[in-house]
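Visitor: Handing you a structure now.
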Amino acid sequence: MDKDTQQKNTNTRPRRPSSFDRPKPEFDQKILDIRRVTRVVAGGRRFSFSVALVAGDRKGSVGFGLGKSGDTSLAITKALRNAKKNMIKLKLNKKQSLPHDISAKFSSCSVMMMPNRGRGLVAGSVIRDILNLAGVKDVTAKIHSGSKNKLNNAKATMAALSTVAGKYTKTEVTEVVVNPAILEAVKGKKD
């Protein structure tokens, strides 16, 4: 019996490293669309890939990016870099919802979003992915156009969210230097 178990142990392959060893990425990402784009040249056709991607930290920051390359992995890397560059920080309320109704139009796509307490995230298609990665809760969203173009719907959604957002920046501490004579003059006027 012991010999059989020893033989089984020697025939096993070495274990590959688990995914727990890898560090967690800074932003979660979701690929919205991968398209194969064809360009006709003198010698025939040239193929490249176009990737639309959304990246977010589920804490109020979200970005949308496009990447084009001859290889899908390079296109995804370019799209992620572009999404990080176009990152916006949403100004959400305490319940991680929108402060008021917002709407926007990009090309033929029009989008409307409104806070809706207690209903969860009610949205379809691309809007759901973007709001989910942004960490927004309790919002009802609607695409009012008949267009199913994911790129234009995503750009319209980002345009709407940018109305309740600021540019994503790392916080910096700034010093304010005040002349003591001016400070005394201001205090004297108040008294």
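Rule-based calculations on the coordinates, nothing more; no lab input. Source: prediction; values computed, not measured. Counting neighbours? That spans all protein chains shown, and the Cβs are built from the backbone with ideal geometry, glycine included.
Visitor: For a quick check: with amide H placed at 1.01 Å from N, whose amide H comes under 5 Å from A165's, ignoring anything fewer than 5 positions away on the same chain?
Guide: K91
Visitor: In what sequence, highest mean first, do 88-98, 104-114, 155-165 appear when ranked by Cβ atoms within 10 angstrom?
Guide: 155-165, 104-114, 88-98
Visitor: Taking K and R as +1 and D and E as -1, what net charge do the other residues with C-beta under 11 Å from the C-beta of S97 add up to?
Guide: Counting the neighbours of S97, the net charge comes to +4.
Visitor: Return the subset of K30/K148; K84/K137; K24/K105 for which the Cα-Cα distance in this structure is over 25 Å, preserving the input order.
Guide: Beyond 25 Å between Cα atoms: K24/K105.
Visitor: OK, next. Taking K and R as +1 and D and E as -1, what net charge do the other residues with C-beta under 15 Å from the C-beta of D129 add up to?
Guide: +4
Visitor: When the Kirkwood hydrodynamic radius is evaluated over all pairs of different C-alpha atoms of the range 76-143, what value in angstrom, to one decimal, is obtained?
Guide: The answer is 12.9 Å.
Visitor: For the range 12-123, what is the per residue volume of the convex hull drawn over the alpha-carbon atoms, in cubic angstrom?
Guide: For the range 12-123, the hull spanned by Cα atoms encloses 203 Å³ per residue.
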